[in-house]
Amino acid sequence: ADLIFWFLTLTILNYFLGDDLYKQTVYIWVPLTFFLYFAVPEGRTGYTLGKWIFRVRVLNEEGQIPGIKAGVIRSIFRIFEGIVFFLPAAFFALSSKHNQRLGDFFAGTYVMSSKNAETFLPSREIT
């Protein structure tokens, strides 16, 4: 859902800027909107619009909102994972202890349902 909302944002920008101006400035809009849609909200609230709709959120290892740095790390890895259709992300998530994709692993974050977020602390989990 998040990628759909992000593409919708780019489509709206194209509509308001017009094809010519949008094409001339797309190298600015794509990373800017990507950063503003994913890194900032995930880092500051643990949610994006898509995560809020599906009632999942991002937390750090202490069970807190992860912070902008973690949001940026997750977003950088999201770009690389997306280039290859998220196959490495899926493989890593299925094989990792806490079902984390690469971006979550390196950012020290976890994605979980909002109702489970209040009681989550990975250091206290029984393995």
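The values are calculated or read from the model by the stated rules, or taken from the named source; none is laboratory data. Since we're looking at a predicted model, the values are computed, not measured. Glycine also receives a Cβ, built like all others from the backbone with ideal geometry; neighbour counts cover every protein chain displayed. What goes into the accessible areas is simple: the full protein's heavy atoms, side chains included, and nothing from ligands, DNA or RNA. Shrake-Rupley method; radii C 1.70, N 1.55, O 1.52, S 1.80 Å.
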Residue that is assigned to a helix (DSSP H, G or I), out of contact with any strand residue (DSSP E or B) (no Cβ under 7 Å at 6 or more places or on another chain), open to solvent by 40 Å² or more (accessible area, probe 1.4 Å) and modelled with pLDDT of 90 or more, where the choices are Phe77, Phe34, Phe38
Phe77
Quick check: is even one residue across region 113-123 in a helix (DSSP H, G or I), open to solvent by 20 Å² or more (accessible area, probe 1.4 Å), in contact with a helix residue (DSSP H, G or I) (Cβ under 9 Å, 6 or more places away or on another chain) and on the phi < 0 side of the Ramachandran plot?
yes
Is there a residue in region 1-13 that is assigned to a loop (DSSP other than H, G, I, E, B), closer than 22 Å to Asn116 by Cα and at pLDDT below 95?
yes
Among the residues of region 12-28, are any under 20 Å from Asp2 (Cβ atoms), surrounded by 17 or more Cβ atoms within 10 Å (Cβ to Cβ) and under 12 Å from the mean Cα position of the chain (by Cα)?
no
Looking only at residues in region 80-112 that are surrounded by 18 or more Cβ atoms within 10 Å (Cβ to Cβ) and of a type in the set (Val, Ile, Thr), which one is nearest to Trp6 (Cα to Cα)?
Val111
Residue pairs, Cβ under 8 Å, 6 or more apart or interchain, first in region 52-63 and of a type in the set (S, T, N, Q), second assigned to a strand (DSSP E or B) and surrounded by 16 or more Cβ atoms within 10 Å (Cβ to Cβ). List them.
Asn60/Thr109; Asn60/Tyr110
Residue check: is Pro88 at pLDDT 95 or above and either part of a helix (DSSP H, G or I) or touching a helix residue (DSSP H, G or I) at 6+ places or on another chain (Cβ under 9 Å) (or both)?
no
Mind checking which residues of region 6-28 are closer than 21 Å to Val72 by Cα and touching a Phe, Trp or Tyr at 6+ places or on another chain (Cβ under 7 Å)?
Trp6, Thr9, Leu10
Hey, could you check region 52-70 for residues that are assigned to a helix (DSSP H, G or I) and farther than 19 Å from Phe92 by Cβ and say which is least open to solvent (accessible area, probe 1.4 Å)?
Ile68
Does Ile65 satisfy being among the β-branched types (Val, Ile, Thr) and touching a strand residue (DSSP E or B) at 6+ places or on another chain (Cβ under 8 Å)?
yes
